[in-house]
Amino acid sequence: MDWKLLKSDLLQGKNPAFVWEKHDLFFGPGKKLSQKLNVPLISYVHAPVVWEASKWGVKRYWWGKWLERLEAQSLRKADLVAVVSEEVKEKVMTMGVAEEKILISPMAVEPQLFSENKQLSQEINEAYKLKDKFVIGWTGSFRKFHGLDHVIKAFKKVSDKHPHTILMLVGDGAERQNSERLVKKLGIHDKVIFTGRLKFLEIPQYISLFDVAVVSARSGEGFHYSPLKLREYMAAGKAVLAPNAGEIPSTFQDEQNVKLFNAGNIESLKNGMLFLIENDDKKQEIAQNGKQKILGSGTWEQELEKAMNFLDI
């Protein structure tokens, strides 16, 4: 096969140490490319696709098992399977991947992406009239499992007490219309901003305007994610409000580098928002500690080095 990548300027004069491929349902080019280069293949797994889809309510019946067997074959061909959480590790082991080939490698960030473009940030600030406002922000895809209705209901209670607050929801998705209807029903349409879908490289400039950044979850049950947005918020130097679910409470410390709330509990979410609004010194401390945490142990450079040490290359 004529690999364009092998002929590109990207690889000229370089000796790749490994191939890092994001896992998907069907076989990708990673294995063939790693064999061509004579280097290990690392398969990076956010979650096994069939398993995760079932958590979202996708029903495949008998052919779902067949697809998962196919997916398992792909995983077993990797030299290293890097997974984002302990729960994902346990799942891929049931798919026949040997434990000694598995490395827990949480989501990571490239800090330079979150260096502020002050001119663009100022333009956004002026466009949405955010001067003297306290912005509670969220980014992502509008899906049911994010529980954005909980975020909106909690914000309504916060806004009643602190009228200068604004909720900015960055992104798009299937649940956006339901979120917009709820905002209208609660009478807070003048305090909630829906930005719509943005280019990835634009998102850091919106995050730069957040005073508090929210990671949301409808429930803590089966929370297998390693939320990328949490790391992005921290890299941007924002105080993060996150659910006490999955790997989050074992990775981050409540009221030290993150503020935790009970997933699925609107009152707890509201209290978390109020805590960060009403305790500015603590908010700043959490933001600073969070950024130090990510720069110290949450970058892609560090995760790749960890994988290389695991493979002894």
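The values are calculated or read from the model by the stated rules, or taken from the named source; none is laboratory data. No experiment lies behind these values; they were computed from the predicted model shown. Here the Cβ positions follow ideal geometry from the backbone for every residue, glycine too, while neighbour counts run over all protein chains shown. Only protein heavy atoms, including side chains, enter the accessible area calculation; ligands, DNA and RNA are left aside. Shrake-Rupley method; radii C 1.70, N 1.55, O 1.52, S 1.80 Å.
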Problem set entry | Expected 222 nm ellipticity per residue - DSSP helices of 4 or more, -39500 (n - 2.57), all of the chain, to 500 | -12500 deg cm²/dmol
Problem set entry | Paired Rg and Dmax values of region 155-216, which use every Cα atom, in angstrom | 12.2, 34
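Among 229/259; 31/89; 133/156; 133/157; 156/185; 191/238, which pairs are too far apart, with a Cα-Cα distance over 18 Å? Mind dumping the intermediate values first?
Details: 229/259 15 Å; 31/89 21 Å; 133/156 15 Å; 133/157 16 Å; 156/185 11 Å; 191/238 21 Å.
Long pairs (Cα-Cα over 18 Å): 31/89; 191/238.
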Problem set entry | Separation of the residue 112 and residue 73 label points, Cα + 7 Å toward Cβ, nm | 4.0 nm
For this session: State the percentage of accessible surface on region 223-262 attributable to carbon and sulfur atoms; use a 1.4 Å probe and exclude ligands, DNA and RNA.
Result: 39 percent
Seminar exercise, completed: Shape descriptors of region 213-269 over alpha-carbon atoms, Rg and Dmax in angstrom, are 10.3, 29
Exercise. So if we plug the beta-carbon distance of residue 99 and residue 295 into 1/(1 + (r/R0)^6) with R0 = 30 Å, what FRET efficiency do we get, rounded to 0.05?
Worked result: 0.45
Exercise. How far is it, in nm, from the label point at residue 184 to the one at residue 255 when both lie 7 Å from their Cα along the line to the Cβ?
Worked result: 4.1 nm
Seminar exercise, completed: Expressed per residue, the solvent accessible area of the chain in Å² (1.4 Å probe) is about 51 Å²
For this session: Quick one: grab Rg to one decimal and Dmax as a whole number for the chain, Cα atoms only, in Å.
Result: 21.0, 64
Seminar exercise, completed: Residues whose modelled amide H sits under 5 Å from the amide H of residue 218, counting only those 5 or more places away in sequence or on another chain, are 146, 147
Exercise. Amide H to amide H, which residues 5 or more places from residue 103 or on other chains are under 5 Å from it, using H placed in the peptide plane?
Worked result: 81, 82, 83
For this session: Along each of the three principal axes of the Cα atoms of region 122-247, give the extent in whole Å, ordering the values from largest to smallest.
Result: 39, 32, 27
Exercise. Using a simple spin-label model with points 7 Å from Cα along the Cα→Cβ vector, what separation in nm is obtained for residue 53 and residue 282?
Worked result: 4.4 nm
Exercise. Between their Cα atoms, which of 161/270; 32/77; 131/270; 153/283 are more than 20 Å away from each other?
Worked result: 131/270; 153/283
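Where the only charges are on Cβ atoms (+1 Lys, Arg; -1 Asp, Glu), what is the dipole of the chain about its Cα centre, to the nearest 20 debye?
Values: 45 positive and 40 negative charges, 213 e Å.
For this selection, approximately 1020 debye.
If you put +1 on each Lys and Arg Cβ and -1 on each Asp and Glu Cβ, how big is the dipole of region 79-156 around its Cα centre, in Debye rounded to 20?
Numbers: 11 positive and 12 negative charges, 121 e Å.
Value, rounded to 20: 580 debye.
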